[in-house]
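J.: Got a structure here, written out as structure tokens. Questions coming.
The values are calculated or read from the model by the stated rules, or taken from the named source; none is laboratory data. Predicted, not measured: the structure shown is a model, and the values here were computed from it. So basically every Cβ, Gly included, is an ideal-geometry build from the backbone, and we count neighbours across all protein chains shown.
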Amino acid sequence: MPARSPTTRLPTSRYAELGRPCMLRLPEAHWASPNTRAIELMDAITDPTKSRASLPRTTSASPGTRVLADAVEACERFPLQELDLARTFMACLCRSALLKLAGAQRAEYEDILVLTGQATAFAYHHRRHHPMQVTPDEPGVVEERISRATGFAWQTLDHEGGGENAWRAIRGAIDGGKAVHGVWIDDLIFCGYDDPGIVEERRLLVGGGWDAPAWWTWDRFDKWAAEFGVLGCVGDPVPIAPRIETIRDVVGAIVRGAEADPRANVQYLRHARYGLEGIRAFAEDIATVARTPDHWHACWLGGHCVYRQISGRAAAARFLQASSSETPPAAAQALTEAARHYERAAHAWGDWGRYLGYESGCTDAEEIRLLWMQMANRVHGAQAVQRALDSETDACRHLKRALALLQA
């Protein structure tokens, strides 16, 4: 794997809560349950010159070895640079890759991002970052929406009991021709296995995550499995919902996330502020010049807390614009207007980055910290977030009109 550019290092030195970005999945019982850079990110996901180095296509001729080459190739197309990864919900990228391998249509990364509700969601707490990893709607609702839109159910694999059961679940899926999505601190795709007949010598071929793709030893995998991560793979085909229903569901989810995000009703997530209220709180905090950079968890100082949440605005704009051609005229007009406002929001967030993020040219953690210490940057940054808030508020207003028309 090529060395990562030193100009794209993230301020990871203070990641103290969950370490690297992750897709946090809460148990069901816990639930009441385009800026230019975003376009470049989409290119990085598909451009081989910006993707990961090749994984091995084959292993030894051992009868206990199997590698799914198409899954390997999918992992190779994942973005390489850490800054691109910081802008990406890796769980959505892994899901997209596996659905496309199964033959699903309309299952690109942007499609999955919009279907989860995370393209337009926002969660803010100045000292924490894990609420942003949780989908606005409860998992069952999100899974149903993705399944009905893509034509494939999602199968959760039973691996209670640690490494041995997880190994059996993954091997069984791979033997059936299905790569496995593993979720915990990092989102991974298990692409193959090597079983020489000795437990301690077993290996698993792993892509995704933030590290170079590689074979995992049994010891590493056994420790990972002990962290009670989630394993899943593409399930059986299901009927695809009429497109108008998917559009209506997505629009409803966007409005809900903006005005009454369900995460606010989850016991362990109530400390954060969500949707438009969360963006407003972020802008007000930035504008409070008495606050020093120590007020924020380091992940908020130009890091993945912001970019991972805002990079989806351009995707939402494209989804809504495309959807306008599949809806009646009055609803189409409202969707087009909403798309235009999300484009404006994406540009406003880019302006925020010019003053307090990576668009400033700073990438080192201490350089970013110095940006946040300059009051002029804080004022301009807060104004940019306010412009984004205004645009997203306008977008929501048009979406509510579209939703009323689509439900009529």
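J.: Do we have residue 337 as more than 25 Å from residue 380 (Cα to Cα) and of a type in the set (D, E, K, R) here?
T.: On the way: more than 25 Å from residue 380 (Cα to Cα): yes; of a type in the set (D, E, K, R): yes.
For residue 337, the condition - more than 25 Å from residue 380 (Cα to Cα) and of a type in the set (D, E, K, R) - is met.
J.: Please indicate, with yes or no, whether at least one residue in the stretch 356-365 is more than 16 Å from residue 292 (Cβ to Cβ), of a type in the set (Phe, Trp, Tyr), touching a Gly at 6+ places or on another chain (Cβ under 7 Å) and assigned to a helix (DSSP H, G or I).
T.: Filtering the stretch 356-365 down to residues more than 16 Å from residue 292 (Cβ to Cβ) leaves 357-364.
The next check asks that each one be of a type in the set (Phe, Trp, Tyr); those that pass are 358.
Among the residues that remain, those that are also touching a Gly at 6+ places or on another chain (Cβ under 7 Å) are: 358.
Pick out the ones that are also assigned to a helix (DSSP H, G or I) and you get 358.
Scanning the stretch 356-365 turns up at least one residue that is more than 16 Å from residue 292 (Cβ to Cβ), of a type in the set (Phe, Trp, Tyr), touching a Gly at 6+ places or on another chain (Cβ under 7 Å) and assigned to a helix (DSSP H, G or I).
J.: Looking for whichever is farther than 22 Å from residue 121 by Cβ, assigned to a helix (DSSP H, G or I), at pLDDT 95 or above and not small (Gly, Ala, Ser) here; the options are 333, 321. Which one fits? Full working, then the answer.
T.: Working: 321 fails: farther than 22 Å from residue 121 by Cβ.
From the options 333, 321, the qualifying one is 333.
J.: Looking at the stretch 204-222, can you tell me whether even one residue there is farther than 12 Å from residue 75 by Cα, of a type in the set (Lys, Arg) and out of contact with any Leu (no Cβ under 9 Å at 6 or more places or on another chain)? First the steps, then the outcome.
T.: Here is the first cut: in the stretch 204-222, the ones farther than 12 Å from residue 75 by Cα are 204, 215-222.
Next, from what is left, pick out any that are of a type in the set (Lys, Arg): 220.
Right, trim to out of contact with any Leu (no Cβ under 9 Å at 6 or more places or on another chain) and you get none.
No, every residue in the stretch 204-222 fails to be farther than 12 Å from residue 75 by Cα, of a type in the set (Lys, Arg) and out of contact with any Leu (no Cβ under 9 Å at 6 or more places or on another chain).
J.: Is it the case, given these coordinates, that residue 186 is crowded, with 20+ Cβ neighbours inside 10 Å and in contact with a Lys or Arg (Cβ under 9 Å, 6 or more places away or on another chain)? Don't jump to the end; show me each part of the working.
T.: On the way: crowded, with 20+ Cβ neighbours inside 10 Å: yes; in contact with a Lys or Arg (Cβ under 9 Å, 6 or more places away or on another chain): yes.
Yes, satisfied.
J.: Answer yes if at least one residue in the stretch 103-126 is farther than 30 Å from residue 260 by Cα, at pLDDT below 95 and not small (Gly, Ala, Ser), and no otherwise.
T.: yes
J.: Tally up the residues in the stretch 124-151 that are among the hydroxyl-bearing types (Ser, Thr, Tyr) and under 19 Å from residue 286 (Cα atoms), please. Can you show your working first?
T.: The initial filter retains those residues of the stretch 124-151 that are among the hydroxyl-bearing types (Ser, Thr, Tyr), namely 124, 135, 147, 150.
Narrowing the set further to residues that are under 19 Å from residue 286 (Cα atoms) leaves 124.
The number of residues fulfilling the criteria is 1.
J.: Out of the stretch 270-318, which residues are outside any helix (DSSP H, G or I) and over 18 Å from the mean Cα position of the chain (by Cα)? Walk me through it before giving the result.
T.: Our first condition is that a residue be outside any helix (DSSP H, G or I); within the stretch 270-318, this holds for 270-274, 288-292, 296-297, 301-303, 311.
Answer for the stretch 270-318, where residues must be outside any helix (DSSP H, G or I) and over 18 Å from the mean Cα position of the chain (by Cα): 270, 271, 272, 273, 288, 289, 290, 291, 292, 296, 297, 301.
J.: Pairs please, first residue from the stretch 224-238 and of a type outside the set (Ser, Thr, Tyr) and surrounded by fewer than 16 Cβ atoms within 10 Å (Cβ to Cβ), second anywhere and assigned to a helix (DSSP H, G or I) and at pLDDT 95 or above, Cβ atoms under 6 Å, 6+ apart in sequence or on different chains.
T.: What qualifies is 238/147.
J.: Right, here's the next one. Just checking, which of 343, 284 is at pLDDT 95 or above, over 21 Å from residue 129 (Cβ atoms) and surrounded by fewer than 24 Cβ atoms within 10 Å (Cβ to Cβ)? If you could, list the steps in order and put the result at the bottom.
T.: Details: 284 fails: over 21 Å from residue 129 (Cβ atoms).
After ruling out the rest, the residue left standing is 343.
Yes or no, residue by residue, for (1) surrounded by fewer than 19 Cβ atoms within 10 Å (Cβ to Cβ); (2) more than 19 Å from residue 235 (Cβ to Cβ); (3) touching an Asp or Glu at 6+ places or on another chain (Cβ under 9 Å):
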{"site": "134", "(1), (2), (3)": "no, yes, no"}
{"site": "157", "(1), (2), (3)": "no, no, no"}
{"site": "169", "(1), (2), (3)": "no, no, yes"}
{"site": "181", "(1), (2), (3)": "no, no, yes"}
{"site": "202", "(1), (2), (3)": "no, yes, yes"}
{"site": "206", "(1), (2), (3)": "no, yes, no"}
